[in-house]
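The structure under discussion appears below in the form of structure tokens.
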Amino acid sequence: MKRTDRKPRLVSERRVLTTMRLRRSLRDELQAVAARSRRSVSEIAQELLEEGLRMRLCPGIYFADEPSGRTSKVSGTGLGVWEVLADFRRDGDLERLRRTFSHLSQTQLTAALMYYRRYPDEIQRQVDANAAWTAETVEQAFPGLVRVFPGG
């Protein structure tokens, strides 16, 4: 399966040459991560810098690897921001959001909302990608994982 959710906007964004002095141990760790993921040190450093800035701008958000790529999550929950806000982005019903996710604190909901307001296109892409998965597409991608029975 192709990883299609990896920050596509970065591909088209113009890059600028930047030189940085790093501690040797930090450079070594970047190289190790790059080697494990078969990506360049530059790609890894850019991803880490971007995620670090996003976490600073939206406290209560962290990033994790998922089968579809890196994704923003609400701290303390394991839930992707897109999972929490999939319905909210359609209707903006804050009360329904609070009822649906009553186990989340106000701080966790606020973190998800802050992130969504800053990065709505990313959340929309993730919601759309999830909506594209049907029992049939799962069966095609992962034969034997699910059984599809015709309605009747």
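The values are calculated or read from the model by the stated rules, or taken from the named source; none is laboratory data. Keep in mind it's a predicted model, so treat the numbers as computed, not measured. Reconstructed Cβ throughout: ideal geometry from the backbone, glycine too, with neighbour counts over all protein chains shown. In case anyone asks, the SASA skips ligands and DNA or RNA and just uses the protein heavy atoms, side chains included. Shrake-Rupley method; radii C 1.70, N 1.55, O 1.52, S 1.80 Å.
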Residue match in region 19-34 (condition: of a type in the set (G, A, S) and modelled with pLDDT under 95): no
Lone qualifier among L30, L26 - being over 19 Å from Y116 (Cβ atoms), open to solvent by 50 Å² or more (accessible area, probe 1.4 Å) and among the aliphatic types (A, V, I, L, M): L26
First in region 57-70 and under 16 Å from Q126 (Cα atoms), second anywhere and open to solvent by 50 Å² or more (accessible area, probe 1.4 Å) and of a type in the set (S, T, Y), Cβ under 8 Å, 6 or more apart: S68/T4; G69/T4
Enumeration of residues in region 33-64 that are within 15 Å of the chain's Cα centre (by Cα), assigned to a helix (DSSP H, G or I) and loosely packed, with under 12 Cβ neighbours inside 10 Å: G52, L53
Any hit, region 88-96, residues being touching a Lys or Arg at 6+ places or on another chain (Cβ under 8 Å) and open to solvent by 50 Å² or more (accessible area, probe 1.4 Å): no
Any hit, region 69-86, residues being open to solvent by less than 40 Å² (accessible area, probe 1.4 Å), part of a helix (DSSP H, G or I) and among the aromatic types (F, W, Y): no
Verdict on T137 being open to solvent by less than 70 Å² (accessible area, probe 1.4 Å), free of Cβ contacts under 8 Å to residues at least 40 places away in the same chain and among the polar types (S, T, N, Q): yes
